[in-house]
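The values are calculated or read from the model by the stated rules, or taken from the named source; none is laboratory data. Please read all numbers here as calculations on a predicted model, not as lab measurements. Ideal geometry is used to build each Cβ from the backbone, glycine not excepted, and the neighbour counts take in all protein chains shown. Please note that ligands, DNA and RNA were not included when accessible areas were found on the heavy atoms of the full protein model with its side chains. Shrake-Rupley method; radii C 1.70, N 1.55, O 1.52, S 1.80 Å.
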Amino acid sequence: NNFINNIISRSFLFLKHDKNFLMININFLEVLSSKLNINTVQFLFQEEKGRFPLLDETIKLYNYPDINIRQITKKIILKIINIEYVSLNNYLCELPSISYFCFLACELKDDIINLSNGIQMNKENISYDNEVCHILIENIVNNLIHIQNIFDINCTKINYILINCLFYYCIIPYILYNLN
């Protein structure tokens with residue numbers, strides 16, 4: 001378990017520059033997450049140190065520009081959230097894990113604002129790429145489905161955190177943006 005955690009948390013400085021190695025790394029994390037259950041999570045979750053390298057490293061990759069990487073991180077995090085382990089659920093409700101929900105809400109807000117801008121440009125007869133609009137709509141729908149999947153897990157603490165993040169990082173900023 002410590003050997004695997006050391007591999008996971010190893011800082012690869014070239015990671016973001018080598019897309020092939022990044023894909024190998026994220027696929028490795030995905031395979032590990034697919035093996036997690038109530039029994040196996042105890043080997044990777046370092047409860048006494050308050051660390052879960054698999055989750056921490058996955059969250060670091062969430063804001064990577066490649067949409068495939070972000071989709072894999074969402075799958076990994078959803079698998080981790082789905083494990084009914086009290087200590088892990090508490091860890092998910094603290095920093096740095098809680099930042100994932102903020103990232104998710106901010107991404108949703110950004111896509112909605114970009115889509116709104118594109119629609120407005122089309123109304124004003126300013127050329128805007130319809131393909132970009134379709135991609136934004138697809139991202140919004142995928143994020144909403146992912147958010148619904150998190151709510152369906154029915155973990156009260158996580159649901160409250162996600163609701164707060166959506167409210168403070170998505171809904172209020174969008175309303176304030178439209179007031180301008």
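Worth a mention:
- Whenever a residue of segment 56-70 is under 19 Å from ILE98 (Cα atoms) and free of Cβ contacts under 8 Å to residues at least 40 places away in the same chain, its partners that are hydroxyl-bearing (Ser, Thr, Tyr) and assigned to a helix (DSSP H, G or I), lying with C-beta atoms within less than 8 angstrom and at least six residues away or across chains, give the pairs THR58/SER33; THR58/THR73; LEU61/THR73.
- Filter result for LEU29 (modelled with pLDDT of 80 or more, open to solvent by less than 90 Å² (accessible area, probe 1.4 Å) and aliphatic (A, V, I, L, M)): yes
- Near pairs, Cβ below 7 angstrom, 6+ apart or cross-chain, from segment 105-121 (more than 16 Å from CYS170 (Cα to Cα)) to any residue that is outside any helix (DSSP H, G or I): GLY118/TYR128; MET121/TYR128
- For segment 3-26, the set of residues classified as among the polar types (S, T, N, Q) and either at pLDDT 70 or above or in contact with a Cys (Cβ under 6 Å, 6 or more places away or on another chain) (or both) consists of ASN5, ASN6, SER9, ASN20, ASN25, listed by residue number.
- Checking ILE81, ILE69, ILE98, ILE77 one by one, the residue that is open to solvent by less than 70 Å² (accessible area, probe 1.4 Å), within 26 Å of ASN139 (Cα to Cα), hydrophobic (A, V, I, L, M, F, W, C) and modelled with pLDDT under 90 is ILE69 and no other.
- Within segment 70-107, the set of residues being more than 10 Å from the chain's Cα centre (by Cα), assigned to a helix (DSSP H, G or I) and either of a type in the set (D, E, K, R) or farther than 22 Å from ILE163 by Cβ (or both) comprises LYS79, SER87.
- Test for TYR62: is it among the hydroxyl-bearing types (Ser, Thr, Tyr) and more than 26 Å from ILE135 (Cβ to Cβ): no
- Against the test of being touching an Asp or Glu at 6+ places or on another chain (Cβ under 6 Å) and either of a type in the set (Ser, Thr, Tyr) or within 23 Å of ILE135 (Cβ to Cβ) (or both), the options SER33, SER87, SER99 yield a single qualifying residue, SER87.
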